[in-house]
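The values are calculated or read from the model by the stated rules, or taken from the named source; none is laboratory data. In this text the structure is predicted, and so the values were computed from the model without any measurement. Virtual Cβ from ideal backbone geometry, glycine too; neighbours counted across all protein chains shown.
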Amino acid sequence: MRLLGLLLLVCVAAACGDDYATLEPRNPDRAADGLVFTRADGSSYELLDAVATCIPSEQKPGVDIVRLIPPADAEDSHHPPLFMVEALPGVTGDYPLPLHERDDDAGPSDLTLFALDARRKNELSGSVEEGAGKVTVREATCDPEPRLSITIDARLASEIGLPPVRVRGGMATTGR
């Protein structure tokens, strides 16, 4: 019986050659396909690249947060990033919108989400009450390097009373 099992194992291993198709990522230069922001009027824009960095929390000394923003070469120094996610390292799972932010005394929130539709001058947040949908955090870490991986299917509400913006897609990065 052992000989039959060994023979079967050898046959299976011999059959596993280069004949099997390999799965290539849809977009091999990025770990995720990016985010699509759709305005109430149906127009849209995309964010395809971002970097993760780890920074000290402003609310609680000794605690780091992972921040996801557009790369430095995509930013205009006179304007804030078009998209920013902050997460506590180790946080994973689904987060329904609106996100619940902690009081400053309690330290940083598990997850914070902000976007700016520069064309409409619309400041958007995942914490505004009218927000809906969810953000899934797959990875948030500073060690051995900053990494943040998220998927979003949500409506971000305006902080200044303008129409909401729908955001769908995923972003996964490594630090720089």
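Each row is one residue, and each column tells you yes or no for (1) at pLDDT 80 or above; (2) surrounded by 15 or more Cβ atoms within 10 Å (Cβ to Cβ); (3) more than 18 Å from residue 151 (Cβ to Cβ).
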| position | (1), (2), (3) |
| --- | --- |
| 4 | no, no, yes |
| 7 | no, no, yes |
| 15 | no, no, yes |
| 21 | no, no, yes |
| 29 | no, no, yes |
| 40 | yes, no, yes |
| 53 | yes, yes, yes |
| 66 | yes, yes, no |
| 83 | yes, yes, no |
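Name every residue in segment 107-127 that is over 18 Å from the mean Cα position of the chain (by Cα) and closer than 24 Å to residue 55 by Cα, in order of residue number.
107, 123
Report the residue count in segment 154-176 for those that are among the hydrophobic types (A, V, I, L, M, F, W, C) and surrounded by 20 or more Cβ atoms within 10 Å (Cβ to Cβ).
Going through segment 154-176 one residue at a time, the tally reaches 6.
Please go through segment 108-153 and pick out each residue that is surrounded by 15 or more Cβ atoms within 10 Å (Cβ to Cβ), in contact (Cβ under 8 Å) with a residue 40 or more places away in the chain and in a loop (DSSP other than H, G, I, E, B).
If the condition is that a residue be surrounded by 15 or more Cβ atoms within 10 Å (Cβ to Cβ), in contact (Cβ under 8 Å) with a residue 40 or more places away in the chain and in a loop (DSSP other than H, G, I, E, B), then 108, 120, 142, 146 are the ones that fit.
Condition first: in contact with a Lys or Arg (Cβ under 8 Å, 6 or more places away or on another chain) and either surrounded by 19 or more Cβ atoms within 10 Å (Cβ to Cβ) or at pLDDT 85 or above (or both). Can you find one or more residues in segment 96-107 that meet it?
Yes - at least one qualifying residue is present in segment 96-107.
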